[in-house]
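Novice: Have a look at this one.
Read the figures in this text as sums done on the coordinates, not as results from a lab. Everything numeric in this text was worked out from a predicted model, so none of it was measured. Cβ atoms come from the backbone with ideal geometry, glycine included; neighbour counts cover every protein chain shown.
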Amino acid sequence: MPRFAANLTLLFRELPYLDRFQAAAEHGFSGVEVLFPYDDAVSEVTRRLRTSGLKMALINCPPPNWAGGERGFAAVPGLTERFRHDFKRSLRYAEALGAEHMHIMAGKAVGLVARQTYVGNLRWAAAQAPKQSLTIEPLNGEDMPGYFLNDFDQAAGILDEVGAKNLGLQFDMYHAQMITGDGMAVWDRHGHRAVHVQVGSVPGRHEPGVGDIDYPAFFARLDAEGYKGWVAGEYHPADDTRDGLGWLDFAKGS
């Protein structure tokens, strides 16, 4: 069975941020992910992790604030120095928080030079942090116009070209469905590369279990294939987070 994590940037927003850790633990999650955990003292976040018994599954790199920052620089020509500076800062946070994965965001770019920039930066990052699991994640163009990494076949080619053992695919079923209209077919092609999974409904990016994606079938598939990584709820709750956690029960097979 997978391990289940709550994305605390999006879930339990009815509570103050630091109180969301205990709420996640009390509602059946064993881990959390935080998109940009850079505004709070590491010591306080690690204390909340420790007292709640949660693991930090994933954080994003680079460290802007979520409301106003760019979504990465790794593929943006001319910003390699900024990417590498930000990567080192993110790595310090990941190590201090015990984050299992660090997602390297590509940013907005297009073309061959952007791809070469991206591959070069990913190779550098993987060599800089050989003990840290790193991920890349395709994002759909409707939610993130102009984002460089916007296709799963593209991501597979980049992973093969980089060829780093500590770099894997972050598979968000929401984005897979939005990009192709058939997220399960994308899993058929690329699920073997996934080191971290995220879920949310289409349309609306709300709780799994409503909309176009057959999540009971997907969770059964993960179990059948022996996936042992994290499955993170990364969605916008339709109402109070706690009222919409029924999906966690069927995901766990209860």
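Novice: Kirkwood Rh over alpha-carbon pairs of region 1-96, then Stokes-Einstein at 20 °C and 1.002 mPa s: what D in µm² s⁻¹, rounded to an integer?
Specialist: Reported coefficient: 151 µm²/s.
Novice: Could you state the number of Å between the C-alpha centres of region 209-253 and region 172-198?
Specialist: 14
Novice: For each pair in LYS108/LYS228; LYS165/LYS252; LYS131/LYS228; LYS108/LYS131; LYS55/LYS252; LYS108/LYS165, compute the distance between the two Cα atoms and list the pairs where it is over 21 Å.
Specialist: LYS108/LYS228; LYS165/LYS252; LYS108/LYS131; LYS108/LYS165
Novice: Could you work out how far apart the two model spin labels at GLU81 and GLN116 are, taking each label as a point 7 Å from the Cα in the direction of the beta carbon, and quote it in nm?
Specialist: Using points 7 Å along Cα→Cβ, the separation is 2.0 nm.
Novice: Within region 207-229, find all residues whose amide N lies under 13 Å from a label point positioned 7 Å from the Cα of ARG3 along Cα-to-beta-carbon.
Specialist: 228-229
Novice: If you don't mind, there's one more thing I want to ask. Which of these, ASP239, ASP214, ASP151, has the largest mean-square fluctuation under a Gaussian network model of the chain (Cα springs below 10 Å)?
Specialist: ASP239
Novice: Here is a follow-up. Please report, to one decimal in angstroms, the Kirkwood hydrodynamic radius of region 3-251 built from all distinct Cα-Cα pairs.
Specialist: Here the Kirkwood hydrodynamic radius works out to 18.2 Å.
Novice: Evaluate the distance, in nm, between pseudo-label points positioned 7 Å from the Cα of ASP212 and of ASP188 along their respective Cα→Cβ axes.
Specialist: 1.7
Novice: Let me see the pair-distance distribution of region 185-250: every alpha carbon pair, 5 Å bin width, integer percents in order.
Specialist: 4, 16, 28, 27, 16, 7, 2, 0
Novice: For region 23-65 and region 76-154, what is the centre-to-centre distance using only Cα atoms, to the nearest Å?
Specialist: 20
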